[in-house]
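Working notes, beginning with the structure itself.
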Amino acid sequence: MSEEKQGGFYTTASFDRTEYQTENDTIPENPVPVIKKRPLTAHKGTFGTATLICGSDGMAGAAMLAGKAALKSGVGILRLVLPRAIYGVVTISLPEAVCVPYEQLCDVTDRILESGSLLIGCGLSQSDTARQMLSWALNAYTGTLIIDADGLNLLAGCIECTVQTKAKMILTPHPGEMARLCGVSVAEIEAHRAFYATKLAQTTGAVVVLKGHETLIASPDGRLFYNPTGNPGMATGGSGDVLAGMTAALAANGRDPFEAALTAVYLHGYAGDMAAEQVGEVSLLPSDLIRLLPETYKRFEERS
């Protein structure tokens, strides 16, 4: 089949979008997750290390939200790589995390490469330094790489870079980021969500989490689920940072990328639904999601 380049990635000219419908009766529902009980012999290494390259001057909150969500999601060790401008405030806010300023990145690259998961993008900015970090991650890292927010905006300019990576990727775009990745309008994405989620997953080899009403989770092998949890109160800046941090923790725990994405999306929405019951949709904040993560994980923990 012939191919033509359309915006951010290659689309097959004869690929019929009408084959992909967004009705719930044609896409299976995200399965209810189970959180395994911790063994009595567990130690911090049992639950893996997640490294987050997030935040920038004026965007410390994104790094803190993602980091807190990762910690509340059970990661064994959390490492945050930060610009010096926000290093102090993040360190004070997250005493449980190992914080590393950018200028010392060369001293910890070996440890980052050994991390079970690497999240890059939340509040990162689109600076030359951020671009270099994304390029380094795509070329050197081989674990589960979660790319969110500014990481996706940087990736949109070099989507072909995903072909060379040895990492197992999870991409978590909202419709605007998805439109930039695919080189089409937001309206086009929203009209054909299943098509673009599936096509991007197959093109990049990544698990794609297309956020929005009934978030879609697509695997490169063709599996596609819609998520039944969540509500409009979660449509607030910072909610995606919480989801990204949760995903990083669950991947570091040892889940494969598709399972990590499915679990994070379901529980993220579930925490949002509990928060909406307590404070209503209008006043719901991402910090409410983090506050309710302990109760959320407790409810889905396997029974002995």
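The values are calculated or read from the model by the stated rules, or taken from the named source; none is laboratory data. Computed from a predicted model, the values in this text were never measured in an experiment. Every residue, glycine among them, receives a Cβ derived from its backbone with ideal geometry; neighbour counts consider all protein chains shown. Surface areas here come from the heavy atoms of the whole protein model, side chains and all, with no ligands, DNA or RNA. Shrake-Rupley method; radii C 1.70, N 1.55, O 1.52, S 1.80 Å.
Label sites at Gln164 and Leu105, each approximated as a point 7 angstrom past Cα along Cα to Cβ, lie 1.7 nm apart.
The overall shape of the range 203-251, judged from the alpha-carbon gyration tensor, is oblate: a/c is not under 1.5, and a/b is no greater than b/c.
Of the accessible area of the range 29-118, with the probe set at 1.4 angstrom, what percent is carbon plus sulfur? Please report the intermediate quantities before stating the final value.
Values: 2470 of 4360 Å².
Here it works out to 57 percent.
Using the rule -39500 (n - 2.57) for each DSSP H run of four or more residues, divided by the residues of the chain, the 222 nm mean residue ellipticity is -13000 deg cm²/dmol. To the nearest 10, the accessible area of Lys298 is 140 Å² with a 1.4 Å probe.
Top to bottom by accessible area (1.4 Å), largest first, where do His192, His268, His43, His174 land? Intermediate results must be reported in sequence, preceding the final value.
Working: His192 50, His268 20, His43 115, His174 75 Å².
The ranking, largest first, comes out as His43, His174, His192, His268.
Grab the beta carbon distance between Ile92 and Val279, set R0 = 35 Å, and tell me the FRET efficiency rounded to 0.05. Mind showing how you got there, number by number?
Working: r = 26 Å, r/R0 = 0.75.
That gives a FRET efficiency of 0.85.
Residue separation of Val34 and Ala187 scaled by 0.36 nm, minus their Cα-Cα distance, works out to 51.5 nm of gained length.
For a Förster distance of 30 Å, can you work out the FRET efficiency between the beta-carbons of Thr26 and Asn231, rounded to the nearest 0.05? Let's see the in-between values first.
On the way: r = 23 Å, r/R0 = 0.77.
For R0 = 30 Å, the calculated efficiency reads 0.85.
For Rg and Dmax of the Cα atoms in Å, the candidate list reads [x] 23.0, 78; [y] 18.3, 56; [z] 18.0, 52; the entry that matches the value derived from this model is [y].
Below 13 angstrom from the Cβ of Gly123, what's the summed charge of the other residues (Lys, Arg +1; Asp, Glu -1)? Intermediate results must be reported in sequence, preceding the final value.
Values: positive: none; negative: Asp57, Asp148, Asp150, Asp241.
That works out to -4.
Within the assembled protein chains, the solvent-accessible surface assigned to Asp110 is about 110 Å², based on a 1.4 Å probe.
Where the centre of each part is set by its Cα atoms, how far does the range 43-83 sit from the range 290-304, in angstrom? The range 43-83 and the range 290-304 have Cα centres spaced 20 Å from each other.
Specify whether the C-alpha gyration tensor of the range 121-261 places it in the rounded, prolate or oblate class, a ≥ b ≥ c being the square roots of the eigenvalues: rounded for a/c under 1.5, otherwise prolate if a/b is larger than b/c and oblate if not. Walk me through the intermediate numbers first.
Working: a/c = 1.29, a/b = 1.22, b/c = 1.06.
Verdict is rounded for the range 121-261.
With the whole protein complex present, Met133 retains an accessible surface near 10 Å², based on a 1.4 Å probe.
Under a 1.4 angstrom probe, counting protein chains only, how are Glu96, Glu214, Glu277 ranked by accessible area, largest first? Intermediate results must be reported in sequence, preceding the final value.
Details: Glu96 125, Glu214 55, Glu277 160 Å².
So the residues, ranked largest to smallest area, are Glu277, Glu96, Glu214.
Taking all protein chains together and a 1.4 Å probe, the residues Ser239, Ser287, Ser93 rank Ser287, Ser93, Ser239 from largest to smallest accessible area.
Within the chain, the cysteines lacking any other cysteine Cβ closer than 4.7 Å to their own Cβ are Cys99, Cys106, Cys182. The relative contact order of the chain comes to 23 percent, based on Cα pairs under 8 Å that sit 6 or more residues apart. Applying 1/(1 + (r/R0)^6) with r as the Cβ-Cβ distance of Ser287 and Asn139 and R0 = 22 angstrom yields a FRET efficiency of 0.05.
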